[in-house]
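The values are calculated or read from the model by the stated rules, or taken from the named source; none is laboratory data. Since the model is a prediction, treat every value here as computed from it, not as a measurement. Cβ: placed from backbone, ideal geometry, glycine included. Neighbour counts: every protein chain shown.
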Amino acid sequence: MKKAVSICVPTYKQTEYLKRCIDSILQQDYKDFELIISDDTPDDSIEVFLKSILKDQPYSYFRNNPSLGTPENWNAAVGNAEGKYIKIMHHDDFFTRPDSLKLMVEEIEKKQASFLFCQTDVWHVKTQIHHIHKISAKQLELLKRKPQFLFFKNMIGAPSATLYINNKAFSYDKRFKWLVDIDLYMKYLFHSQKLAYLELPLVCTAHDTEGQVTGSVISDKEIQIREHVLLFNKVNQHKINESGFASFFDYLFFKYDIRSYAVLEAIVPEANENKLFFKKVIGSVGLNRSWKWLKKRFFESRYNNYIFKFEQFI
């Protein structure tokens, strides 16, 4: 009999955080789930480790040979899922309480939603600092009406904070590394705006751990330019208002010194899908820089983030 939830754990090499992740899954008081592990590790270290800690727990294990990389390793796990809901748990993340999964399932079913997310306990491993990633009521309403809001600010958080309907039509786009989760979230939200949110930090995501993708791509010029252009091409198919996106790309192109369309096209040929839009943005990159800089400082200030909460691009 098929389980209600497929908990999908993509793994790669490390076991320290993986044990914490698996332990938190086994401690859940909601038991109607299957556990699927897709492993990109080139040797059998993860396989041997799992056998030692999952002696009495049924699970499905798949080792990818050759390694698939991110996000195809995620897709491999989800592709083997048969549950009604998908629960991604990255190998360095974990549930914060034994009723986390139960609360998520109860809420998504109560709201009859296709996509749910919760608050996240963000754990910075190197400094041991924690903070709660959460969304305001105003931002939540905006997100329900305008899924493109995620392009500018990831208010949902990491994939481990989500639970969503197992829709085989949607998968993580292998062209992305930095915006891969945002792309999937928007696929669901544009398809169905039945969104559920829990104001509880039911998962903890570990940051700055060894081998994480974030550190290698956050300042990579070509990845940042290419992925934002590719994602804009997707979003623009939904007939969105382009003005906020023009302001965003003005900042992005100024930051990375994109001063001609030829330079942009060399990085991401797919810019041609919206060539007139990007040429117009590039043409104004050098204009009114002092005013644009002041606006950016205000919108990114702690006063705005914690008091006013004005959104810069929507």
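Could you say whether any residue in region 293-312 is assigned to a helix (DSSP H, G or I) and farther than 29 Å from E141 by Cα? Steps first, please.
First, the residues of region 293-312 that are assigned to a helix (DSSP H, G or I): 293-299, 302-308.
Those left that are additionally farther than 29 Å from E141 by Cα: none.
No: zero hits.
Within region 23-52, the set of residues being of a type in the set (A, V, I, L, M, F, W, C) and surrounded by fewer than 16 Cβ atoms within 10 Å (Cβ to Cβ) comprises L26, V48. Consider K144 carefully, then state whether it is surrounded by fewer than 17 Cβ atoms within 10 Å (Cβ to Cβ), over 18 Å from H228 (Cα atoms) and at pLDDT below 95. Yes. Within region 227-236, being free of Cβ contacts under 8 Å to residues at least 60 places away in the same chain and closer than 13 Å to P147 by Cα holds for K234, N236. One residue stands out in region 253-273 among those that are closer than 16 Å to N236 by Cβ and buried (at least 17 other Cβ atoms within 10 Å of the Cβ): the one that is farthest from the chain's Cα centre (by Cα), namely L264. The selection criterion, being within 19 Å of the chain's Cα centre (by Cα) and either within 20 Å of V180 (Cα to Cα) or among the basic types (K, R) (or both), holds for F117.
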